[in-house]
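Working notes for the structure below.
The values are calculated or read from the model by the stated rules, or taken from the named source; none is laboratory data. Note that the structure is predicted; figures quoted are calculated from it, not measured. Using ideal geometry, Cβ is built from the backbone for each residue, glycine included, and neighbour counts are taken over all protein chains shown. With ligands, DNA and RNA removed, areas are computed over all heavy atoms of the protein, side chains included. Shrake-Rupley method; radii C 1.70, N 1.55, O 1.52, S 1.80 Å.
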Amino acid sequence: KWVYEKPHEVTGLETDVDRLWVDIRDKSAHKQKVLEDDLAREIFKERTRLWVRNHLGLYTTLKKWADEKLAYLNTKENISSSEPARQHLSLMDALDAAFKAKTATNVPALKKLGGEI
């Protein structure tokens, strides 16, 4: 029976492939973990950026409302009869109700979102 004269070369190649496969498996597992970590980090960054945009949008809305109300509150009305006085008191009641509503809902939402950032 004939036998290949350099069987160690054959087994050497097979051993080399086995080593390569172990190396690929190990590096693949490591790279998988790195890529999963990269993905988790990017998802977190995107979510945080969305929260920041929402926080800024909510702030901008509240700031605009507050600036308009402060402009009204800093205006001196020229009251010459009871009717304009009643109208302005009615406006103040509406402002107070809106202020309470925003204090109860929008301001806590802004702070909650800020706390998550």
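Mind jotting down the distance between the C-alpha centroids of segment 1-61 and segment 90-113, whole Å? Here the two parts' Cα centres lie 51 Å apart. Taking 0.36 nm per residue of sequence separation and removing the Cα-Cα distance, the Leu56/Glu116 pair yields an extension gain of 20.3 nm. Rg and Dmax over the alpha-carbon atoms of the chain stand at 35.4, 126 Å.
May I ask you to list the residues of segment 1-16 whose amide nitrogen lies under 11 Å from a point 7 Å from Cα along the Cα→beta-carbon direction of Asp23? Only 16 pass the distance filter. Carbon-plus-sulfur accessible fraction, the chain (probe radius 1.4 Å, protein heavy atoms only): 62%. Annotation: Arg49 carries an accessible surface of approximately 120 Å², with a 1.4 Å probe and no ligand, DNA or RNA atoms counted. The accessible-area ordering, largest first, of the residues Asp26, Asp16 stands as Asp26, Asp16, per a 1.4 angstrom probe. The residues of the chain have, on average, 84 Å² of accessible surface per residue, using a 1.4 Å probe with all protein chains present. Annotation: lysines with alpha-carbon distance below 28 angstrom to Lys76 (same-chain offsets under eight excluded): Lys63, Lys64, Lys100, Lys102.
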